[in-house]
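Would you mind keeping the following structure in view while I ask a few things?
The values are calculated or read from the model by the stated rules, or taken from the named source; none is laboratory data. The model shown is predicted, which means the values in this text are computed figures rather than measured ones. Note: ideal-geometry Cβ built from the backbone for every residue, glycine included; neighbour counts use all protein chains shown. Surface accessibility is based on the protein's heavy atoms, side chains included, excluding ligands, DNA and RNA. Shrake-Rupley method; radii C 1.70, N 1.55, O 1.52, S 1.80 Å.
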Amino acid sequence: MDHREPRRHGPVLPGVLVVLALAGLVLLRDPSGSGDRLRELLGTEQRRAEAVSVPVGGGSYQFAATQPDSEEPVSWNPCRDIEYVVNPAGAPAHWRQLVERSVATVSEATGFRFAFVGETDDRNFTDRIGALGRSAPVLIGWADEEEVPDLAGDVAGVGGAAYLETSGRWTYSTGMVVLDTDVFVDLSPGAGPRAFDLQAAILDHELGHVVGLGHVESRAELMHADNIGRTSFGTGDLRGLALLGAVPCD
């Protein structure tokens, strides 16, 4: 059920060979949801926050998926909070600060509202939609390649989202981010003054996948598959994120 993109690699810090955020997107079609489930997913008709103005300028962005026979992106419902949980097993001591910073960054860029609903021992990174189309919150956690084979080699993180299909329209309803424990050890605060920013960049990239961005070829964007030191979203990234948040309430 996932789509994995080619791996690339490059140095992040001198002496530390790490690839930031080579993520495959988890896309799941589930047309079996009932009308009640759809209303639960779609929420109210009022946006949770104001839409973000699309930045002026160039840059490149790519949506992970578009609506059938349309260029409109598959996105989240802006009238409903994006709920998420964190499994802190294997996480750095400052995981809460890290997650809060990245969630705030993506929220500001999209206009989506995120809601932290607690810590969890859930480690099911691959199947976030259960019976009758009931979605679990977005899961953020840390693992190694033995548990999550997609983290093998130079992969620092994997992230993506799952969508439900009802009446021909797709809407993201859950997702996951799993980060490489060893990478985050290598990028501990003792690794240099930019270590925290680089950790945040990995998580920002993966959350970019969760809200609906794909990889781009431009190295000027954080959503380039191979990051060799960029620590913030580029102009194209911000345009794509704003457009994802500008979709109407369903």
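If the chain between Asp69 and Arg96 were fully stretched, how many nm would it gain, using 0.36 nm times the residue separation less the Cα-Cα distance? Provide the component values of the computation, followed by the final result.
Values: separation 27, 0.36 × 27 = 9.72 nm, distance 4.03 nm.
Here the segment from Asp69 to Arg96 would lengthen by 5.7 nm.
So for the pair Ala51, Cys79, with labels modelled 7 Å out along Cα→Cβ, what separation do we get in nm?
1.4
Give me the number: length gained by fully extending Arg113 to Asp127, i.e. 0.36 nm times residue separation minus the C-alpha to C-alpha distance, one decimal in nm.
2.7 nm
What is the gain in length, in nm to one decimal, between Ala104 and Glu145 on full extension, counting 0.36 nm per residue of separation less the C-alpha to C-alpha distance? Let's see the in-between values first.
On the way: separation 41, 0.36 × 41 = 14.76 nm, distance 2.82 nm.
Using 0.36 nm per residue and subtracting the Cα-Cα distance, I get 11.9 nm.
Given a 1.4 angstrom probe, what's the average accessible area per residue across region 150-250, in square angstrom? Write out the running numbers ahead of the final one.
Values: 2850 Å² over 101 residues.
For region 150-250, the per-residue accessible area is 28 Å².
Using a 1.4 Å probe over the heavy atoms of the protein chains, calculate the carbon and sulfur portion of the accessible area of region 73-195 as a whole percent. Walk me through the numbers on the way to the answer.
On the way: 2410 of 4920 Å².
Roughly 49 percent of what the probe reaches on region 73-195 is carbon or sulfur.
So what's the projected area for region 152-237, the Cα convex hull averaged over all directions, in nm²?
Details: hull surface 26.3 nm².
That works out to 6.6 nm², a quarter of the Cα hull's surface.
Now for a separate question. Please work out how much accessible surface Thr231 shows to a 1.4 Å probe, ignoring ligands, DNA and RNA, in Å² rounded to 10.
Per-residue accessible area (Thr231): approximately 40 Å².
Counting other C-beta atoms within 10 Å, and keeping those with at most 14, which DSSP coil GluC sites (Glu not before Pro) do you find in region 115-221? Before the final figure, lay out each step's value.
Details: sites: Glu119, Glu145, Glu146, Glu147, Glu165, Glu206, Glu217, Glu221; in loops: Glu145, Glu146, Glu147, Glu217, Glu221.
Passing both the DSSP loop test and the Cβ count: Glu145, Glu146, Glu147, Glu217.
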